[in-house]
Amino acid sequence: MSAAKGVFVGQRKDRMGARLLMMLTCIRLAEDFGTTYRVNWFPQGADAPELDHPKELFAQDWLDEHFLTPKEFGALSQNALPIWSFQSDTSPDRLIAHLNAGRSVLVEEGFEVLAFPWEDVETIRPRYRDFIHRVGFTEEIREIMDCADARLSGQGVSAYHIRRGDILNGLPWKHTTWPAKIEPEELYEAHLAKNADKAAIMFSDQPELVFRFQKKFPHLLQMSDIADVSGMTRAKRDFLELYTMSRADQVIAPVISAFSMAAARISGQQRKVFRDVLTEEEISQANERAIQRLQAGLNGFLNTSEAAHIYAKVLTHMNRLHSDDRHEEASDIASRLQDEGADNAFLPLLQALNSFYANKWEEAAEMVEMALLDPNIWPEDHAVARALRAAVLGTQKKRWMATREFSLAFWAKPLRPDVTIFGSRLLFRDQLAFRALPPIDWAVQKSIRRSWFSFNTHVAQLKVIARRPCNFDLILLDWSILSLDERARRLTGNKERLLLLQDGLEAMKNFLPNAESTEQSPEHKSLATILNVHLGRIRSELAIDVAQWVCAQRPDNPLYLKRLSELYEAAGDNSRARLAMADALASDPGNPFLIFAMGCFLERIGAVEQAHQQVLEAADIDDNTAAIQGAAGQLLLRQGEKAKARKYLARAQDLCPKFKRFSNQLKRAGG
């Protein structure tokens, strides 16, 4: 390996499981790409104080070789690219060239075995079994690893991971839901009862739970039956439990758990979730027993917070497809939890949803207000609450207010499934005032759909809309500059999301079987061309001819003029790009979104003074878009005009109080 070759630099801010899997991924990448790897164990914002002393786990000579100082990390990361920036490539050529040029690659993946499109993940996965032995652990750690191998390997053992601990009781974790990380005890009991004659071991960050299970299932082992780790530091215990778990023949755990995922990866297998080991009927019965435990009172739980989290989890079961309406039953449980002192910030939001399903609009609005006023509410839940309030306002025929509220929710968290569901409802029911939003082809948007969400959603989708939801990436395709969410802004570099939009375009005729939805319509041609440009199938220069034809067919539509401007800019013709953007503005004078887009364009081409005038003008017209207000405040702050900057930054913070950048900038401005 050339001394100048770039390296893979791994870092994670969270706990043991994700960090270990990140290191194993770095070992794999370094081997396959002929380089080495380094570890930034202390990234900014790390939230695992128990891992502050890596010498507890790793031998000094190995640390010296692989761990970076902050200065070393700074030097390596200066011209580094994140690993995800190569994951849409169809060959390794660009990654190899990047490494050969002496540039590093940042690796933060800590949940799944990483594979590029040109690789076969199933040939990579088994290799992880050996990678763990390339990590330089201390002799003390290795001795207990050998004990775990001797006791469990090849014995047909099932290992269970039950997550509680910090996400139940720690701040800020307790204040949002973790449906993919928490499972009711009843599911574990169901599988243990089915396999009472087989060896099993349980791991949990809540020891009381393991003791409770052992009373019911005496054959169940715990870590102390393998080795006494009680006097060890948390870092040592966490790793040794993880490694011991990996010696089992199968690992059964919640859907998302870096800890159990890493354990399974170490042994070269996939960990299992309950739908892999229980029937649908067994899972349903277990959920019903969990509901009965909630209804019986809180004595069956560790504390009110655990009860609230289990409640959030079983709501999915209560609201499942084809089930009876159980919102009154769900509402009664939530009310009791609140009466018993459960202070989790997500509870009012869940109760608001119960009221919404029951068409109790005023009660829903009251609960939403309670949720939004709670300083502990998470940014994602804050956006969901606003989207829910928009849906309530829409039902009350307050279209302008509904649209402004939806706008706040969408630009804060445009990829949040609940926001998409409520936004689709507003659009389907003609409850959006389009003038309060940027120029968008709403007829096309209404017809560009996506599949139902199967993840990360509070809302019972079919209780809100009867049709498949819209794919609002179409809005981001043209207006990502208004989004505060960085992942949402990266749409044009995400092949998977672009292909989903293309699939929606091809299926559009199923929703609007008329001339406007045919492949020859300007609307269809415009979108298809833009998608093909971003997918690398045609060059911007070739797309310009189509865009000019579209603009001739729809001369008064500023959206198509803006797209034409962007194609000119991509082709390097800034003068024509500026004229096309000016034409867009002329077709809709005073539109703050177009003015802001013009300001961003002028900034990109170096016309800074004019760009700033446009941004400030947009911010003075539109008072409901945090990105516009924030941009105005930021440019004034850079110019040293703190007093003027405070006005815009304060407004941006009011619009999006969970977005820390605005509050930090406001402090710098003396606000």
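Values quoted throughout were computed directly from the atomic coordinates according to the rules given, and no laboratory measurement underlies them. Because the structure is a prediction, the values reported are computed rather than measured. Backbone-built Cβ (ideal geometry, glycine too); neighbour counts: all protein chains shown.
Below are the figures for this structure:
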read-out	value
Value of [θ]222 nm, deg cm²/dmol, for the chain, DSSP H segments ≥ 4, -39500 (n - 2.57) each, nearest 500	-16500 deg cm²/dmol
Order of Phe33, Phe596 under a 10 Å beta carbon neighbour criterion, fewest first	Phe33, Phe596
Separation of alpha-carbon centers, the stretch 529-561 and the stretch 234-252, rounded to whole Å	55
Residues whose placed amide H lies under 5 Å from that of Tyr160, excluding near-sequence neighbours	Ile201, Met202, Phe203, Ile252
The stretch 160-171 - phi-based ³J(HN,Hα) in whole Hz, Karplus 6.51/-1.76/1.60, Gly and Pro as x	10, 10, 10, 9, 9, x, 5, 6, 8, 10, x, 9
Under-5 Å amide H pairs with Val39, H placed in peptide plane, nonlocal only	Gly10, Phe67, Leu68
Normalised contact order of the stretch 419-476, rounded percent, pairs of Cα under 8 Å and 6 or more residues apart	51
Efficiency of FRET from Cβ geometry, Arg668 and Asp146, R₀ 51 Å, rounded to 0.05	0.40
Positive-end extreme of charge dipole, the chain - chosen from Ala582, Tyr648, Leu152 (charges on Cβ)	Ala582
Dipole magnitude (debye, nearest 20) for the stretch 345-461, charges at Cβ of Lys, Arg, Asp, Glu	540
Principal axis dimensions, largest first and in whole angstrom, of the stretch 490-632 by Cα	44, 32, 31
Given charges at beta-carbon only (K, R positive; D, E negative), |dipole| of the chain in Debye	1060
Residue order, fewest to most surrounding Cβ atoms within 10 angstrom, among Ser407, Ser158	Ser158, Ser407
Cross-link table Lys360/Lys463; Lys71/Lys667; Lys174/Lys313; Lys198/Lys313; Lys642/Lys667; Lys215/Lys313, entries beyond 18 Å C-alpha to C-alpha	Lys71/Lys667; Lys198/Lys313; Lys215/Lys313
Neighbour-count ranking [beta-carbon atoms within 10 angstrom, fewest first] of His382, His53	His53, His382
Evaluated at q = 0.15, 0.16 Å⁻¹: base-10 log I(q)/I(0), Debye formula over Cα of the stretch 138-326	-0.91, -1.04
Relative contact order of the stretch 138-326, pairs being alpha-carbon contacts under 8 Å that are 6 or more residues apart, as %	28
Rg/Rh (Cα only; Kirkwood hydrodynamic radius) as it applies to the stretch 8-118	0.95
All lysines inside 30 Å of Lys525 as judged from Cα atoms, apart from same-chain residues fewer than 8 positions distant	Lys413, Lys446, Lys495, Lys509, Lys562
Unit charges on C-beta of K, R, D, E only; dipole of the stretch 8-118, Debye	220
Under the Debye formula (equal points on every Cα, no solvent term), log10 I(q)/I(0) of the stretch 191-258 at q = 0.24, 0.26 Å⁻¹	-1.29, -1.45
Alpha-carbon radius of gyration plus Dmax, which is the widest Cα pair, for the stretch 345-461 in Å	13.3, 38
